[in-house]
Amino acid sequence: MSAQSVDTFAAGAEKDTWTGRIRKRGLEELPPDRLLPDRQPAYVASWIYVFGALSIGAFAVVLLSGGVLAVEGPSWWHKSNAGLFVNSLHMWSTEFFFMFMVVHLWAKFFMAAWRGKRKATWISGVLAFALSIGTAFTGYLSQQNFDSEWIGTQAKDGINSTGAGAFWNVLNFGQMLMWHIVLLPLVVAALIGVHVLLVRRRGVVPPFAPTDGQLARAGLSLTGAVAAPPAESGAAAQLPAELSTQIPASTSTQIPSGLSDQELAALIEVPSQEPPAQEPAAHEPPPPTVPGSPDAATSHEPAAQGPAGQDSMWQLPKDES
Amino acid sequence: MGHMGMFGGINTLAALVHLGGTGRYISWGVIQISLANLIIIAVMIVLFAAAIILPFPKHEARKK
């Protein structure tokens, strides 16, 4: 959907109402093409970017299996074959949820994914992770078996030592069950929703800038003075800083708003032939100071591929989802 | 007999892994960790490394 149709949508609020203000603000912050994009940057084409979506998938299975367990009750999940299956499904989907979340966290930590005004995205993810641990603990206490009794009697001393035992009684099954199936899942789901919306708003964090060696192997070179860093707001902020180093010096540092990926790609000069090996590097900026990122490994990939720049992850795709 | 075969396989796996036995713990100085947790951490590290190393499948350019 084009920006023009969004503006038409927003202009539909004829009266100053709270619903109209919310709609206008929502469309400004998250226009439909950003909320539900049909394209992603080229650098997202790596397995390391998959674990956030895998976490959400596992979380969906956790919610569905937990809902079935809540409907059927403890005697069903302990005694019937179907109940044992759904109980195991709930446990294993939780295991996978945490496994995917931890790999997602590691990946985003080494990417420094809070860059580019993405602090709120990082913090919402950390909060969702921490609250998920609490939700899982209350799940241990809600099993209705000897295991949950043992865990409850062990946990009470620790909780009591913090002074929270007066209102957080791990031996109170009803209280723990309500926290586990109502309060905490609602908060975790809300935090995950906010996290995803923030990812949509700011975009997936781009990789670190490539080193000179990586640029050379990919057949790319810097074509002039380094463009100024993108502005903190507006369309210019959407252009990764890494790409700005490839903009010819003649190009204005102010990136016009409303450019498509193809139009942005047109601003980036990618040599059609192999650059001369003795390309002088005097005008090049110093290499990035953050080597060894996960993305640095993936950026080696274009070196083994065809003509210079044709398959580079630093070239925005002509038509790639 | 199909389901018997399936349960037979599960029982064999359970016998190999000792799912019903006492938990195994590994101690190294002040560090103590269950074998199950150590395996999970190792699997996550392998997943992390594989996600970086393995090439991502590429799609053909879509025709408009």
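Laid out as a table, the results:
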{"quantity": "Test: residue in region B:22-45 that is at pLDDT below 85 and either among the acidic types (D, E) or exposed (fewer than 11 other Cβ atoms within 10 Å of the Cβ) (or both)", "calculated": "yes"}
{"quantity": "Residue match in region A:171-183 (condition: more than 32 Å from the chain's Cα centre (by Cα) and of a type in the set (F, W, Y))", "calculated": "yes"}
{"quantity": "Residues of region B:24-47 satisfying the condition of being out of contact with any strand residue (DSSP E or B) (no Cβ under 6 Å at 6 or more places or on another chain) and of a type in the set (V, I, T)", "calculated": "B:V30, B:I31, B:I39, B:I40, B:I41, B:V43, B:I45, B:V46"}
{"quantity": "Qualifying position, being of a type in the set (A, V, I, L, M), in a helix (DSSP H, G or I) and within 12 Å of another protein chain (Cβ to nearest Cβ), among A:A107, A:A58", "calculated": "A:A107"}
{"quantity": "Number of the exception - A:N81 against (1) away from chain B (no Cβ under 13 Å); (2) over 21 Å from A:L54 (Cα atoms)", "calculated": "(1)"}
{"quantity": "Subset of region A:110-149 (residues that are small (G, A, S) and assigned to a helix (DSSP H, G or I))", "calculated": "A:A120, A:S124, A:G125, A:A128, A:A130, A:S132, A:G134, A:A136, A:G139, A:S148"}
{"quantity": "First in region A:39-52 and facing chain B (nearest Cβ under 10 Å) and in contact (Cβ under 8 Å) with a residue 60 or more places away in the chain, second anywhere and surrounded by 18 or more Cβ atoms within 10 Å (Cβ to Cβ) and of a type in the set (G, A, S), Cβ under 6 Å, 6 or more apart", "calculated": "A:I48/A:A107; A:I48/B:A51"}
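The values are calculated or read from the model by the stated rules, or taken from the named source; none is laboratory data. Note that the structure is predicted; figures quoted are calculated from it, not measured. For neighbour counting, all protein chains shown are included, and Cβ atoms are generated from backbone atoms with ideal geometry for every residue, glycine included.
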